[in-house]
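Visitor: Supplied in structure tokens, the structure appears directly below.
The values are calculated or read from the model by the stated rules, or taken from the named source; none is laboratory data. As the structure is a prediction and not an experimental result, all values here were calculated from the model. Every residue, glycine among them, receives a Cβ derived from its backbone with ideal geometry; neighbour counts consider all protein chains shown. Surface areas here come from the heavy atoms of the whole protein model, side chains and all, with no ligands, DNA or RNA. Shrake-Rupley method; radii C 1.70, N 1.55, O 1.52, S 1.80 Å.
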Amino acid sequence: MELTDIIFYIFALVTIGSAMIVVFSRNLVYSAFSLMFTFLGVAGLYVLLLADFLAVTQLMIYVGGILVLMIFGVMLTHRVVNVEISSGAMRVIPATIVVGVFLGTLLLVLTRTKWMVMEGSPDVIGTTSMIGTALVTDYLLPFEVSGVVLLVAIVAAAFMARKR
Amino acid sequence: MNEIIQSSLSLLWPELTLTVTFILTLFSQFALRKAPMHSGYVALAGFLLAFLLLGTQGGSDASVFGVMLAVDPFAVFFKYLIIISGILVLGFSLQSEEIRNNAEHAGEYFAFLTSMTLGMFLMAGASNLLMMYLSIELVSLSSYVLSGYLRNVERSNEAALKYVIFGAVSSGLMLYGISLIYGLTGALDIYSMRDVLATGAVMPGSWAFATLVAAVILIIGGFGYKISAVPFHYWTPDVYEGAPITITAYLSVASKAAGFAIMIRFFKVAFLNTVSADGAWEVLAGMNWELIIAVISVLTMTLGNLVALWQDNLKRMLAYSSIAHAGYMLMGLVVATDNGIAAIMVYFVMYLIMNLGAFYVVMVVAQKTGSEDIDDYRGLAYRAPWVAGAMAIFLVSLTGLPPTAGFIGKLWIFAAVLSKPGFVWLAIIGVINSVISLYYYARVFRNMYLRQGDEEKAQPILFGSRTIAGSLIFAVPTIVFGLYFGPILEWAKNSVTLFLR
């Protein structure tokens, strides 16, 4: 086993383990904090895939922005610790069957499918400038359209949150 | 690169106009604090300009920004449908009391209406999975807010929330499908996707093929949600009932048109080998989706019609009826020929007129009587003969009886289905469904003409000449296009051309 493999498994373990805490923990604060490790783990996986820009974005936006906001939200909410957030286990059997079938299908899809493998070029150092160029050339239209989508989203959020 | 951008932009005048209109309308409310409803005229001016500028796209069969967005006769046809219904819905909105009573934020209302229209324009042409997702998302985000526009009406808030939740699930499904397809083919634009599939990288019977089937079904989840096909229709009745009726009308026509456009483009381009001389599609080996779509079509029309039977609220009934109509139109896609697509397009023209007309009548009646209940339509023919007469025409047309537009639409769809060997059963199910639908449309008809209202409700309702003219704008074409439909047929047949690289 090479060093990168070991690092991969560590990051994967961190990601999945903390994601399970997010789901299973009954305490909102624990959930929010362990979400941070999920995001960090995913960022680490991006680094291993040589997607440096994506990793930095993940850190800056999810960990630095969204998560901090979420934790603030949780902390400022009235009575943080003993809030009943989960609605308890309902319809356990049908849910287990559906999730089991879905998981089985996904595992089969993942392991049996012959995926399209792209040639990676080893001499690429840093993807940021490539992504930047692509955004203003080949992907200009989606880039601009996502600008409009985000503008709509911001105005929409402000609109929905206004006073009655 | 600069040349590509410049030549691409010169083909996008209507879209650019709508983008600018969106921003202008948004800001116009600061200038129009005293009369916020006037923002509607800013939007209306932009829509009319976009309508005129659509002429510049006529006849072009190209793709802009690489192969991000196709500008072809097919897309232009659907853009005309979208912008025409957009202009009509703007007209509704300016008359609507629901909007007037909440006029404080009318600027946002009209701005979101514009951004939604822009999104639908992009949907009509999107030929890259990324653009498909973004354009669907633009339409969805705008429509979530619009369906919750009436903040002090509980139903409207509920509608927005349900719409967001179901919308998020279906975009999640669609994104997952897209990622699977990207993993299989390494392509995001549907042309390269077809090229990879044509090399036989994904053979039927292999695991990769099973993955492809799963991915396509997931993507149908995204499209099906926009056209409210079963089983992705759950949001439809609640949203249609709770949203302001102007938005319900817009969702039921334009949003559905854009959904069909994007779905037809995906299925035709991505799996097509060649189009034979008579317009039949020869698909790549094993890529026959007809049966999947046929099953969805049957489920959609049957469920829509059966549940519509039990509705007492006319708006909700029309919601289920619109689900059923999506089912009929899907039959045209099952055929997988250019004729089938032309039939869908003809159907859409007819559906636009009759459905918008029906919603217009529901709106003006609700403004006078304060009710959308079918029972409160008793004796309407004697209280308001003009409006009830128009409604009767729309109902006959929605059922699909001659001599109305709806009959012509159904005729072409059924003719297309019958031309495909082995799918006679589908046509039979379609006809049975039309008969079922007669029952609930006739119920409204019976209430209007054959029953008397209560004593205190027997007074004539006085509608202004503007309202009567408004309902005639829809009623007259419903009859005229039922008798004289040649030009529409021609237009649809000339517009089935999709840009194929």
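Visitor: For B:E97 and B:E282 in the same chain, what is the full-extension length gain: residue separation times 0.36 nm, less their Cα-Cα distance, in nm? Intermediate results must be reported in sequence, preceding the final value.
Guide: On the way: separation 185, 0.36 × 185 = 66.60 nm, distance 5.15 nm.
Value of the extension gain: 61.5 nm.
Visitor: In vacuo Debye scattering of segment A:1-111, one point per C-alpha: log10 I(q)/I(0) at q = 0.16 Å⁻¹?
Guide: -0.94
Visitor: Report which residues of segment B:132-166 become buried by 50 Å² or more of accessible surface when going from the isolated chain to the complete set of protein chains (1.4 Å probe; DNA, RNA and ligands ignored).
Guide: Residues losing area: B:L134, B:L138, B:L141, B:V145, B:R151.
Visitor: In a GNM of chain A with a 10 Å cut-off on Cα contacts, which of A:L108, A:L69, A:L45 has the highest mean-square fluctuation?
Guide: Taking springs between Cα atoms under 10 Å, the residue moving most is A:L108.
Visitor: Cα-Cα over 22 Å: which of B:K162/B:K226; B:K256/B:K493; B:K268/B:K420; B:K226/B:K493? Walk me through the intermediate numbers first.
Guide: Values: B:K162/B:K226 14 Å; B:K256/B:K493 20 Å; B:K268/B:K420 17 Å; B:K226/B:K493 25 Å.
Pairs exceeding 22 Å: B:K226/B:K493.
Visitor: So how tilted is helix B:154-185 from the main axis of chain B? Cα-based, degrees 0 to 90, rounded to 10.
Guide: 10
Visitor: Let me ask something additional. I'd like the FRET efficiency for B:Q452 and B:L9, computed as 1/(1 + (r/R0)^6) with the beta carbon distance as r and R0 of 56 Å, rounded to 0.05. It would help to have the intermediate numbers written out before the result.
Guide: On the way: r = 61 Å, r/R0 = 1.10.
Working from the Cβ atoms, E equals 0.35.
Visitor: Roughly what angle does helix B:207-226 make with the longest principal axis of chain B, taking Cα atoms, 0 to 90 degrees, to the nearest 10?
Guide: Around 20 degrees separate the two axes.
Visitor: With every protein chain left in place and a probe of 1.4 Å, what is the accessible surface of A:V23, to the nearest 10 Å²?
Guide: My reading of the accessible area for A:V23 is about 110 Å².
Visitor: Using only Cα atoms, tell me the angle between helix B:13-31 and the longest principal axis of chain B; keep it within 0 to 90° and round to the nearest 10.
Guide: Helix B:13-31 sits at roughly 40 degrees to that axis.
Visitor: First compute the accessible area of segment B:289-501 with a 1.4 Å probe, then give the percent of it belonging to carbon and sulfur atoms.
Guide: Working: 5490 of 8080 Å².
The nonpolar share, carbon plus sulfur, comes to 68 percent.
Visitor: Find the relative contact order for segment B:1-76 and round it to a whole percent, using C-alpha pairs within less than 8 Å whose residues are 6+ positions apart. Before the final figure, lay out each step's value.
Guide: Working: 70 pairs, mean separation 26.1, N = 76.
This gives 34 percent for segment B:1-76.
Visitor: Would you look at the GNM of chain A, springs on alpha carbons closer than 10 Å, and say which of A:L48, A:L140, A:L40 moves the most?
Guide: Judging by the Gaussian network model, the answer is A:L140.
Visitor: Here is a follow-up. How much length is gained if the chain between B:L48 and B:S179 is pulled fully straight, taking 0.36 nm per residue apart and subtracting their Cα-Cα distance, in nm to one decimal? Before the final figure, lay out the partial values.
Guide: Working: separation 131, 0.36 × 131 = 47.16 nm, distance 3.83 nm.
The B:L48-B:S179 span can extend by a further 43.3 nm.
Visitor: If you rank A:V74, A:V152 by how much accessible surface each has, with a 1.4 Å probe, what is the order from largest down?
Guide: Numbers: A:V74 20, A:V152 0 Å².
The ordering from most to least exposed comes out as A:V74, A:V152.
Visitor: Using Cα pairs closer than 8 Å and at least 6 residues apart in sequence, work out the relative contact order for chain B, in percent. Let's see the in-between values first.
Guide: Values: 835 pairs, mean separation 71.9, N = 501.
14 percent.
Visitor: If you don't mind, there's one more thing I want to ask. In what sequence, largest accessible area first, do B:E98, A:E119 appear using a 1.4 Å probe? Please report the intermediate quantities before stating the final value.
Guide: Working: B:E98 55, A:E119 180 Å².
Result, largest first: A:E119, B:E98.
Visitor: Would you mind checking which residues have amide H under 5 Å from B:F65's amide H? H placed 1.01 Å from N; only 5 or more apart, or other chain.
Guide: HN-HN under 5 Å from B:F65: B:S8.
Visitor: Please list B:H105, B:H38 in order of solvent-accessible area, largest first, computed with a 1.4 Å probe with all protein chains present.
Guide: Values: B:H105 40, B:H38 90 Å².
Ranked list, largest accessible area first: B:H38, B:H105.
Visitor: With a 1.4 Å probe, what is the total accessible area buried between chains A and B, in Å² rounded to the nearest 100? Walk me through the numbers on the way to the answer.
Guide: Working: alone 13620 and 18620 Å², together 29020 Å².
Answer for the A-B pair: about 3200 Å² buried.
Visitor: Do the sum for chain B: with -39,500 (n - 2.57) for every DSSP H run of n ≥ 4, divided by all residues, what is the mean residue ellipticity at 222 nm, to the nearest 500 deg cm²/dmol?
Guide: Details: 22 runs with 358 residues, N = 501.
Computed mean residue ellipticity for chain B: -24000 deg cm²/dmol.
Visitor: In addition: Under 26 Å Cα-Cα from B:K34, which lysines qualify once same-chain neighbours fewer than 8 residues away are excluded?
Guide: A:K163
Visitor: Next up: Which of A:A43, A:A55, A:A134 moves the most in a Gaussian network model of chain A with Cα springs under 10 Å?
Guide: Answer for the Gaussian network model of chain A: A:A134.
Visitor: Same structure, new question: Within 10 Å of each Cβ in peptide A:113-121, how many partner chain Cβ atoms are there on average? Round it to a whole number, please.
Guide: Numbers: counts 12, 8, 8, 11, 2, 1, 0, 0, 0.
Average neighbour count from other chains, rounded to a whole number: 5.
Visitor: Okay, helix-only estimate at 222 nm for chain A: each DSSP H run of n ≥ 4 adds -39500 (n - 2.57), divide by all residues, round to 500 deg cm²/dmol; what do you get? It would help to have the intermediate numbers written out before the result.
Guide: Values: 7 runs with 109 residues, N = 164.
Roughly -22000 deg cm²/dmol at 222 nm, from the helical runs in chain A.
Visitor: List every residue whose amide H lies under 5 Å from the amide H of B:N273, counting only residues 5 or more places away in sequence or on a different chain, with H placed 1.01 Å from N in the peptide plane.
Guide: Close amide H contacts, sequence-distant or interchain: B:E282, B:V283, B:L284.
Visitor: In whole Hz and in residue order, list the ³J(HN,Hα) couplings for segment B:229-236 that follow from phi through the Karplus curve 6.51 cos²θ - 1.76 cosθ + 1.60, θ = phi - 60°; x for Gly and Pro.
Guide: After applying 6.51 cos²θ - 1.76 cosθ + 1.60, I find 8, 5, x, 10, 9, 3, 6, 3 Hz.
Visitor: Could I ask something else about it? Taking the solvent-accessible surface of protein heavy atoms with a 1.4 Å probe, what is the per residue accessible area of segment B:289-501 in Å²?
Guide: Values: 8080 Å² over 213 residues.
Averaged over the residues of segment B:289-501, the accessible area is 38 Å².
Visitor: What average number of partner chain Cβ atoms lie no more than 10 Å from the Cβ of the residues making up A:98-108? Before the final figure, lay out each step's value.
Guide: Numbers: counts 0, 0, 0, 0, 0, 0, 0, 3, 3, 0, 4.
That average works out to 1.
Visitor: I'd like the accessible area for B:T17, computed on protein heavy atoms only with a 1.4 Å probe and all protein chains in place. Round to 10 Å², please.
Guide: About 20 Å², rounded to the nearest 10.
Visitor: Once fully extended, how much extra length lies between A:L49 and A:T133, figured as 0.36 nm per residue of separation less the alpha-carbon to alpha-carbon distance?
Guide: Details: separation 84, 0.36 × 84 = 30.24 nm, distance 2.02 nm.
Gain on extension, A:L49 to A:T133, equals 28.2 nm.
Visitor: Let me confirm one metric for peptide B:68-81, namely the mean number of other chain beta-carbon atoms within 10 Å of its residues' beta-carbons. Walk me through the numbers before you get to the answer.
Guide: Details: counts 6, 3, 0, 0, 0, 0, 0, 0, 0, 0, 0, 0, 0, 0.
Mean partner-chain Cβ count within 10 Å for B:68-81: 1.
Visitor: Among all helices in chain A defined by DSSP H, which have a length of 18 Å or more along the axis from Cα atoms plus a Kyte-Doolittle mean of at least 0.0? Numbers along the way, then the final one.
Guide: Numbers: long enough: A:3-24 (31 Å, 2.24); A:28-48 (30 Å, 1.90); A:92-112 (29 Å, 2.12); A:140-160 (30 Å, 2.34).
Helices passing the filter in chain A: A:3-24, A:28-48, A:92-112, A:140-160.
Visitor: Would you tell me the accessible area of B:I436, worked out with a 1.4 angstrom probe on the heavy atoms of the protein chains, in Å² to the nearest 10?
Guide: About 40 Å², rounded to the nearest 10.
Visitor: Another question, if that's okay. Explain nothing, just the number: dipole magnitude of the protein assembly as shown about its Cα centre with +1 on each Lys and Arg Cβ and -1 on each Asp and Glu Cβ, in debye rounded to the nearest 20. The partial results should precede the final answer.
Guide: Working: 34 positive and 36 negative charges, 293 e Å.
Charge dipole, the protein assembly as shown, about its Cα centre: 1400 debye, nearest 20.
Visitor: Here is a further query. I'd like to know which of A:N27, B:I190, B:Y439 lies farthest towards the positive end of the charge dipole of the protein assembly as shown, counting +1 on Cβ of Lys and Arg and -1 on Cβ of Asp and Glu.
Guide: B:Y439
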